[in-house]
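Working notes for the structure below.
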Amino acid sequence: MDINDKSALLPYHANLQRYQSMDYRQCGHSGVRLPALSLGLWHNFGSVDSYLQAQHIARKAFNLGITHFDLANNYGPSYGSAEQNFGRMLHSDFASHRDELFISTKAGYDMWPGPYGRGGSRKYLVSSLDQSLKRMQLEYVDVFYHHCPDPDTPLSETMHALSDIVRSGKALYVGISNYPKELAEQAIQLLQQAGTPCLLHQARYSMLDRWVEDGLLDTLEQGGSGCIAFSPLAQGLLTDRYLQGIPQDSRAAKAMTYLETQRVEQAQPQLNALNQIAQQRGQSLSQLAIAWLLKDPRVSSVLIGASSPSQLENNVAALDNLQLADDELSAIEAILSPGN
């Protein structure tokens, strides 16, 4: 649906019981508590997507107690359109709930042509956030991330720009994303020296992608920062979609995708073994994958996407059974690390 489509749902009235079933977790050493599951707008909220479906998903999320909505300047497609669509929803549905929401955006990857349209320079970060605020019709975001390391900009410039953004009132907190352990440690120290703690590190983390366990989680804990995990289902691999092969209408079957056919085929024995454990627990594979991430208190929130309200509801149901027994954890570890 075109971003200028003016059709809308009936007026929104938030679920009065929305905070009763959601778990809220402490974020590092801060006073912020994030919902165990947050909604990412990377997919399904752009100008090429159905605005009404996106609105259904956002409404369902808030009704389920999800207060954190995660965006970036280049989410779409087209670039900026997810922020613009979300701004419409904020204005139409959530204006009276702004202080209940925790809204994030990011800058780092390419956004506009020329030398100032990507990276980690003060010029790019300040300009990008100004554009994001305009698209979302906001005076501030709750957290602003540097989306990825920039080897061509001194880290001190990037971190001091983030600190100054907080002082300007355009963001309440700042964070980093996709930073390796050593660089994350330096960034956290620079922000602490500037008087602006690093609230969050947003990192790719799932059962099938565990790089953060190689020191990064320890670094974040020592620095007082929380971790928010994105791609918790490994681009859809940790769902029941690929247990019997690759459906023709699946993400892995498409030409332009992060999920390669060979990767799916290699993972199928693991997926089916994990699914057996999930079934024994009365869960879907995706619910088990979410519960496994939330076993670690250093994970402040798990960032999920959704293509429909029902899919979102199914993933939130993972919170009904988060306890993993020692024998279950051992069995999962044996599947994920068969050589150990």
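The values are calculated or read from the model by the stated rules, or taken from the named source; none is laboratory data. On a predicted model such as this, the values are computed, not experimentally measured, just so you know. Here Cβ is always computed from backbone atoms with ideal geometry, including for glycine, and neighbour counts include all displayed protein chains. Accessible surface areas use protein heavy atoms only, side chains included; no ligands, DNA or RNA. Shrake-Rupley method; radii C 1.70, N 1.55, O 1.52, S 1.80 Å.
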Asn272 versus Gln222: modelled label distance in nm, points set 7 Å from Cα along the beta carbon direction: 4.3
GNM top mover of Gln279, Gln235, Gln55 - the chain, alpha-carbon springs below 10 Å: Gln279
Residue with peak Gaussian network fluctuation, the chain [Cα springs, cutoff 10 Å], from Ala325, Ala234, Ala54: Ala325
Model label zone, Asp296; criterion: amide N under 16 Å from point 7 Å along Cα-to-beta-carbon; scope the stretch 319-333: 324, 329-330, 332-333
Sparse-neighbour loop sites [trypsin sites (Lys or Arg not before Pro); the stretch 175-246; at most 13 other C-beta within 10 Å; DSSP]: Arg210
Net lengthening on full extension, Asn321/Glu157 (0.36 nm per residue, minus Cα-Cα): 54.6 nm
Over 32 Å [Cα-Cα, the chain], rounded percent: 29
Dimensions in Å of the stretch 47-89 - Rg and Dmax from alpha carbons: 10.4, 29
Student exercise, the chain dipole from Lys, Arg, Asp, Glu Cβ charges, in Debye to nearest 20: 760
Within a Gaussian network of the chain (alpha carbon springs, distance under 10 Å), most fluctuating of Gln323, Gln192, Gln20: Gln20
Additional length obtainable on full extension of the chain from Gln17 to Asn314, 0.36 nm per residue less Cα span: 105.1 nm
Ala95 paired with Leu172, simple spin-label distance in nm, labels 7 Å along Cα-to-beta-carbon: 2.1
Per-pair calculated FRET efficiency, R0 = 45 Å: Ser337 and Lys123 via Cβ, rounded to 0.05: 0.50
The chain - accessible surface per residue (Å², probe 1.4 Å): 44
